[in-house]
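Data block below; observations after.
The values are calculated or read from the model by the stated rules, or taken from the named source; none is laboratory data. Because the structure is a prediction, the values reported are computed rather than measured. Here the Cβ is made from the backbone with ideal geometry for all residues, glycine too, and neighbour counts use every protein chain on show. Only protein heavy atoms, including side chains, enter the accessible area calculation; ligands, DNA and RNA are left aside. Shrake-Rupley method; radii C 1.70, N 1.55, O 1.52, S 1.80 Å.
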Amino acid sequence: MEKSISKKAYAKVNLSLDIVGRREDGYHLVRMVMQSLDIADDLVFERLDTPKIEVLLNGNVGDGSEMNSEATSGDKNLGRVPLDEDNLIYKVARLMLEQHVWKRQPDAGVRITLTKNIPIAAGMAGGSSDAAATFRGINELFEVSLLDKDLMDMGVTLGADIPYCIMGGTALSEGIGEELTRLPELPDCYFLVAKPPISVSTGEAYGGYDKLISEIEASEDKGKKKVKSPDVDGQVDAIYSGDLQGVADRFLNVLEYVTAENHPEIKELERIMLEGGAINSMMSGSGPTVFGMYDSLEAAEASYRKIVDEKKANQVFITKAV
Ligand code: ATP
């Protein structure tokens, strides 16, 4: 058995996001196309010979209050990562050890060291992706031999995006996030990703969307104010036919109606990307991260420089799909 192993936890963006209903327990039912990007946290798992779980943090994690003037890829990360039992890494480790390790190896423990590069509370599933990497890491380190399907079933009990983060790549996510269909890889392209220095809570974004829908339903001019839904099926078809323009033409995220209303920075970033030659741009998840899809690296670099020079975002990356 190895004494230590490393795993990468990749960030995701949504290429479309629709809310199609609500379950009785309050969870929103979604239809969305997910894409993992080559922006990743690093996790190192070390076996200990006492039955404890340690989560350590490497690197520079700010308190969310400062604006970093040097907007470079991932050298500052705003927000807070809890290191106690609230951390998803800790929750996953405890679940895996309690259910699958301690019965056979009662003295086993684990130290997990996280190097955070994914922007926090950004709509990029950083916490869920760390959780997914922890399922895989512990499964391998302790030779538990669970299948991805088993890890996904356990994962959804801790977070709706965790099953997708275990799968990775390009996928259609339905239900609350547990019904996944793997899709073909996107045609070659570049992603410019920019997180403005504002925090958005996922819960508030979904709550704001529910409120918006109730207001629309109560208003007299229902037709006029109606929020548009993304053509998720059309986007999936475009992915199957390798039609990048068709994928980008169908970028639409219903949570953007809520988050962009409160934060004009989002439309501003989208405008810079579009004027700089992005095929299209959109907010990811509950925001506030905005991304542009480009077929030219030069155009992505020019938009990157404009965003950095004008201090529109403090975490900016040029990356590719993985
Ligand atoms: P999503 O796209 O799934 O809504 P997000 O990118 O908006 O996620 P996260 O970065 O996952 O948001 O963090 C949301 C909150 O979760 C953080 O403010 C933090 O308190 C908590 N959290 C718990 N574990 C982690 C973790 N390992 N990394 C980051 N945040 C974590």
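Some points to look at:
- Scanning the range 116-151 for residues that are within 16 Å of the ligand (Cβ to nearest atom), more than 16 Å from the chain's Cα centre (by Cα) and open to solvent by 40 Å² or more (accessible area, probe 1.4 Å) gives a single hit, 136.
- The range 151-205: number of residues that are β-branched (Val, Ile, Thr), in a helix (DSSP H, G or I) and in contact with a Phe, Trp or Tyr (Cβ under 9 Å, 6 or more places away or on another chain): 2
- Residue satisfying all of: in the range 265-278; within 27 Å of residue 202 (Cβ to Cβ) and not acidic (Asp, Glu); most open to solvent (accessible area, probe 1.4 Å) among these: 267
- Taking the criterion of being modelled with pLDDT of 95 or more, under 28 Å from residue 121 (Cβ atoms) and open to solvent by less than 40 Å² (accessible area, probe 1.4 Å), the residues of the range 211-238 that qualify are 230, 232, 235.
- Among the conditions (1) modelled with pLDDT of 95 or more; (2) part of a loop (DSSP other than H, G, I, E, B), the only one that residue 66 does not satisfy is (1).
- Residues located in the range 261-295, provided they are assigned to a helix (DSSP H, G or I) and at pLDDT 95 or above: 265, 266, 267, 268, 269, 270, 271, 272, 273, 274, 275
- If you go through the range 22-48 and keep only what is over 21 Å from the mean Cα position of the chain (by Cα) and modelled with pLDDT of 95 or more, you end up with 45, 46, 47, 48.
- Residue count for the range 160-199, restricted to those that are within 13 Å of the ligand (Cβ to nearest atom), open to solvent by 20 Å² or more (accessible area, probe 1.4 Å) and in contact with a helix residue (DSSP H, G or I) (Cβ under 9 Å, 6 or more places away or on another chain): 4
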